[in-house]
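Structure first, then comments.
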Amino acid sequence: MTTSVAFLSRQERFRSVPSTNDIVRSWLTEGTPEVCLAVADEQTAGRGRSGRSWVAPAGAALLLSLGFEPVYVPPERVWRVAAIVALAMADAGEEVAGLPMGMLKLKWPNDIVVNAPDVEAGVRKVAGVLGETEGAGTAGVKAVVGIGVNADWPRERFPSELADTMTSLREASRGRPVDAGELLDAFLTRLEPRLLGLRDGHFDVAGWHDRQITTGRQVRIDMPDGTAPLLRAVGVDGASGALLVEDAAGAERELLVGEVAQVRLVTGGRDTRADLRGVTR
Ligand code: BTN
């Protein structure tokens, strides 16, 4: 690891681990204070959201987890911890890959994606975030936020089943090599002020709104009960973290992260599984 960052209590780099989220959780459990950071070149049991697996070839991705003790945010705002990780990584990815500001979007809740007119889906996933929280609302609250970024992953090595739904910073910058160490440094530099802000009660609601790709788009929401309503995403709620959607009759409702299995963008009449990057494979 190249950076020494004051807000980190512990940082370790691993060649290969089952999951960096598990490493960091065990550190928090044994009493390591926030913020602790585990980075791995490779994971043998990487996890994605909704029980999916997360696989990336060694050297192609930046894989890391951060451990927080977010006693400074009320339980209904713990989602902001994962949001600052996604926002800091979007900022860092644009800088390190030389992308125009605002090119990296968030697909609610925390996927980092790019618009992709070359595919029917219209969007490809660059990174995914997995937040796991314990003890929300207690003095012992712990949050592990893991992020996997497709960094220096050339298109020729994309798994065929994901080739239409994923991309990497390298491909987004038309083949410019992306150094994972540089990306990590840029990310930590951007995370620190966002974290200090959160500790002081501030969150960049405007920046979070601006990055959302779903706003104004048709989405199909896969609900845990098997229903999949077609709705229009009208925004996000900076207080609850909810996705705001409207049905055909114009009735608005809020969807919280735990209430939704998956959000799919609907483009040109077809559903698009923009977060297939985390599918079991
Ligand atoms: C998603 O499904 O989009 C979330 C993917 C999260 C993957 C990262 S890689 C580092 C950390 N360790 C894991 O096991 N998962 C997260």
Within the range 15-106, chymotrypsin sites (Phe, Trp or Tyr not before Pro) in DSSP loop having at most 15 other beta-carbon neighbours inside 10 Å: 72
Placed amide H near residue 214: partners under 5 Å, 5+ positions off or other chain: 108
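Leaving out ligands, DNA and RNA, and with a 1.4 Å probe, what % of the accessible surface on the range 1-133 is carbon or sulfur? Show your work: numbers first, answer last.
Values: 2510 of 4830 Å².
Result for the range 1-133: 52 percent of the exposed heavy-atom area is carbon or sulfur.
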Sites residue 237 and residue 71 - FRET efficiency at Förster radius 25 Å, r taken between beta-carbons, to 0.05: 0.65
Cβ-Cβ FRET estimate between residue 228 and residue 44, R0 fixed at 25 Å, reported to 0.05: 0.15
Dipole moment magnitude, nearest 20 debye, the chain about Cα centre, only Lys, Arg, Asp, Glu C-beta charged: 440 debye
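Mind checking the per residue accessible area of the range 1-107 for me, 1.4 Å probe, whole number of Å²?
Numbers: 4060 Å² over 107 residues.
That works out to 38 Å² for each residue.
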Span-like helix ranges in the chain, DSSP H, alpha carbon extent 15 angstrom or more, Kyte mean at least -0.5: 79-97, 180-199
With all protein chains modelled, accessible area of residue 103 [1.4 Å, Å²]: 60 Å²
Candidates 48, 148, 140: whichever shows maximal mean-square fluctuation once the chain is modelled as a Gaussian network with Cα springs under 10 Å: 140
The range 205-271-the range 101-132 distance, computed between alpha-carbon centres (Å): 14 Å
The range 218-266, accessible area per residue, ligands and nucleic acids excluded (1.4 Å, Å²): 45 Å²
With every protein chain in place, the range 218-266: carbon and sulfur % of accessible area (1.4 Å): 52 percent
Structure-based [θ]222 nm, the chain - -39500 (n - 2.57) summed over DSSP H runs of at least 4, per residue, nearest 500: -6500 deg cm²/dmol
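Got the relative contact order for the chain handy, in percent, Cα pairs under 8 Å and 6 or more residues apart? Please list the in-between numbers first.
Working: 611 pairs, mean separation 53.0, N = 281.
Here the relative contact order equals 19 percent.
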Among 38, 87, 112 the positive-end extreme of the charge dipole of the chain (Cβ point charges): 112
Solvent-accessible surface (1.4 angstrom probe) belonging to residue 199, in square angstrom, nearest 10: 90 Å²
Around residue 32: net Lys/Arg minus Asp/Glu count, Cβ-Cβ under 15 Å: -3
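The values are calculated or read from the model by the stated rules, or taken from the named source; none is laboratory data. No experiment lies behind these values; they were computed from the predicted model shown. Heads up, the Cβs are rebuilt from the backbone with ideal geometry, glycines too, and the neighbour counts pull from every protein chain shown. Note: areas computed on protein heavy atoms with side chains; ligands, DNA, RNA excluded. Shrake-Rupley method; radii C 1.70, N 1.55, O 1.52, S 1.80 Å.
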